[in-house]
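Taken together, the values in this text are just the output of simple stated rules run on the coordinates, not laboratory data. A quick note: this is a predicted structure, and the numbers were derived from the prediction, not measured. Ideal geometry is used to build each Cβ from the backbone, glycine not excepted, and the neighbour counts take in all protein chains shown.
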DNA sequence: CTATTCTACAACCAAATGGTTGTAGATCAG
DNA sequence: CTGATCTACAACCATTTGGTTGTAGAATAG
């Protein structure tokens, strides 16, 4: 299957490039287009109200982010979607979602415990509240 | 439930802000932190090798993208994760995934058809191949 | 009240971004 | 061969971005 290299961790720079690539309307549109059909660079350029060179740069940004790849066909360069890049982005956001759910579970757990043992400690219900300036050492997974 | 406003379509500018917000290592780390626990702005600033003002700006970027919100507590400003923003980002990538799968299905369909009716038309297997310069009018959902 | 802490915001700077035009190399059509 | 097309890339420009320092207001501590 394709699941093989999806397991690989992404470096910070890769993630920067990945989300940076998505952070532009034209580039998101290009990704959508080349996911559906096949386009040459000039074929894409004809779709937008900007120069060929500008579109070329957008494609280059997407390529650096591993979201598309180019394949030379005659004098044209065919731009194709790279599904792996998309899946990597989705996987990261899914990880955040997992963290969020774990947090929700932990809070529910804490609330349940304090409710049965110490019915007074129910502060604001968000866990760490940090009194004076102790939150600079809360890190759970930091270096 | 929270599903209410998730149905809403996101404007291009909102998506730009959303992905731009994710396109920085420090900001992704902040999102992870505030998803797990509660941090004041200065509490976050203490975690990174940059000035308070820099972290303040990162938080502002995340806030503009609806990924976090701030809540004044005494003289502190507590930064909290905004789950909606995260879910919006995930939803968009899921849409791309749907488009990708539809394409895969359509191609499989086409291949199956051409295989039974015209056993010769199996080009490269990627659908539209555009001969001369006709791909500038391929748009399916434009205009 | 005074001093400290936390925040907000302005001004500034270097680098990156998103766009342009121009030049030049390959490839295809006639 | 000649001309048209497609691509690549350099140079340039305006704006944004990610960082800094400095100033000032609010809330807390003593």
Determine the distance separating the Cα centre of the stretch A:45-62 from the Cα centre of the stretch B:23-58; give it in Å without decimals. 34 Å
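Ordered by packing density, taken as the mean number of other Cβ atoms within 10 Å over each peptide's residues, highest first, how do A:81-91, A:96-106, B:11-21 rank?
Values: A:81-91: 19.9, A:96-106: 14.0, B:11-21: 17.8.
So the peptides A:81-91, A:96-106, B:11-21, ranked by packing, come out A:81-91, B:11-21, A:96-106.
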Relative to the present Cα-Cα distance, how much length would full extension add between residue A:111 and residue A:56 at 0.36 nm per residue of separation? 14.3 nm
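Just checking the output field for B:32-43: average partner chain Cβ neighbours within 10 Å of each residue's Cβ? All intermediate terms of the calculation are to be shown ahead of the outcome.
Details: counts 6, 6, 0, 7, 11, 10, 8, 5, 4, 0, 3, 8.
Partner Cβ neighbours, averaged per residue: 6.
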If each of residue A:71 and residue B:29 carries a label point 7 Å out from its Cα toward its Cβ, how far apart are those two points in nm? 4.0 nm
Say each of residue A:42 and residue B:42 gets a label point 7 Å from the Cα, pointing the same way as Cα to Cβ; how far apart are those two points in nm? 6.2 nm
Between residue B:102 and residue B:63, what FRET efficiency comes out of the Förster formula 1/(1 + (r/R0)^6) with R0 = 51 Å and r the beta carbon distance, rounded to 0.05? 0.90
Averaged across B:79-90, how many Cβ atoms of other chains sit within 10 Å of each residue's Cβ atom? 3
Using r as the Cβ-Cβ distance of residue A:84 and residue A:49, and R0 as 22 Å, what FRET efficiency do you calculate, to the nearest 0.05? 0.10
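Taking each residue in B:45-58, count the Cβ atoms of any other chain within 10 Å of its Cβ, then average. What number comes out? Kindly include the intermediate steps, with their values, before the conclusion.
Details: counts 1, 5, 6, 0, 0, 0, 0, 0, 0, 0, 0, 0, 0, 0.
Mean shielding count: 1.
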